[in-house]
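First up is the structure itself, then whatever we jot down about it.
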Amino acid sequence: MNRKPIFAANWKMNKGPSETEDFIKSFLSKVQGQTFNSEIVVAPPFVSLAKLADLLHTATAVQNAHAIQTAAQNCSQFDSGAYTGEISVLMLREFFVHYVILGHSERRSIYGETDAIINAKLKKAREANIRPIFCIGETLAEREAGKLESVLRTQVTEGLRDLSEKDLSETVLAYEPVWAIGTGVTATSEQAQDAHQFVRSLIAELYGQDTAAKIRIQYGGSVKPNNAAELMACPDIDGALIGGAALEPQSFLDIIRNGTQEA
Ligand code: 13P
């Protein structure tokens, strides 16, 4: 199965519009004239989405720039109304957002997002034709207690409840072991591959072999230029969701280069 790898920069709460501009200009100048056999996604904070959309639109017109896709880091599970501080999927569409990161462990642990809330957000994203990057992953305590598979099973089953096969074909999964996020401790390629293979088998159980074979599963958690190649060589790893190492254009590009082949 030929799955196009997808490399997404999750900037978290970093880079307002001016830093976004600096990054994108630098990144585009580095990749000018090159094409990769992978999809490249940048997820800035909400306040930088307009600047990003603007820059990419101009760049595409001017220098036929490498197509960077845009992602939001969150969305509301509601359409509109009295939800102070929230952003709806329809608002995101105005910024040409292709993807939205949902179920990130920081949203789960810091903001108390449950599987049910994440499921509602996934449905909203699909209603607006935005592609979810749906994150799952276990804590160290859960892994050490032998609960890796049961945690992943619950997150996948509850998170994807009532989503159709078509929805799944527009969804990317991201396996991010919580203990590897921002810690500098990466899962070994064997640990990552085992988890990815298990997640793919869950999708096969729920949606059939065909959907499972097509869905892309990113790995996230301390991905760096020097470990990207080994991780991406695993048969069930289809790209990366990158935090810290995607804050610098060169480092993000090195991960993409090391983890994929130039077209
Ligand atoms: P780091 O790459 O900084 O470990 O973050 C991973 C992550 O949470 C991406 O969503």
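Worth a mention:
- Cβ-defined net charge surrounding Pro5, 11 Å radius [Lys, Arg +1; Asp, Glu -1]: +1
- Gain in span if fully extended, Ser251 to Ala141, counting 0.36 nm per residue against the direct Cα distance: 36.5 nm
- Charge tally in the Cβ shell below 11 Å around Leu55, where Lys, Arg are +1 and Asp, Glu are -1, Leu55 excluded: -1
- Residues of region 2-17 with an amide N closer than 14 Å to a point placed 7 Å from the Cα of Asp54 along the Cα-to-Cβ direction: 16-17.
- Per-residue Karplus couplings for region 158-167, computed as 6.51 cos²θ - 1.76 cosθ + 1.60 with θ equal to phi - 60°, are listed in order as 6, x, 9, 3, 6, 7, 7, 4, 5, 4 Hz, Gly and Pro entered as x.
- Partner aspartates and glutamates for Lys147 [C-alpha distance under 13 Å; skip if fewer than 8 residues away on the same chain]: Glu138
- Within straight-line cross-link reach of Lys12, lysines at Cα separation under 27 Å, skipping those fewer than 8 residues along the same chain: Lys4, Lys25, Lys30, Lys51, Lys121, Lys123, Lys124, Lys224
- By the count of other C-beta atoms within 10 Å, a proxy for reagent exposure, Lys123, Lys214 are ordered fewest to most as Lys214, Lys123.
- For Ala174, residues with placed amide H under 5 Å, excluding near neighbours: Phe134, Cys135, Ile136, Gln218
Any read-out appearing in this document is the output of simple, stated calculations on the displayed coordinates, not a laboratory observation. Keep in mind that what you see is a predicted model, and the values were worked out from it rather than measured. No Cβ is skipped: glycine too gets one built from the backbone with ideal geometry, and neighbour counts run over all protein chains shown.
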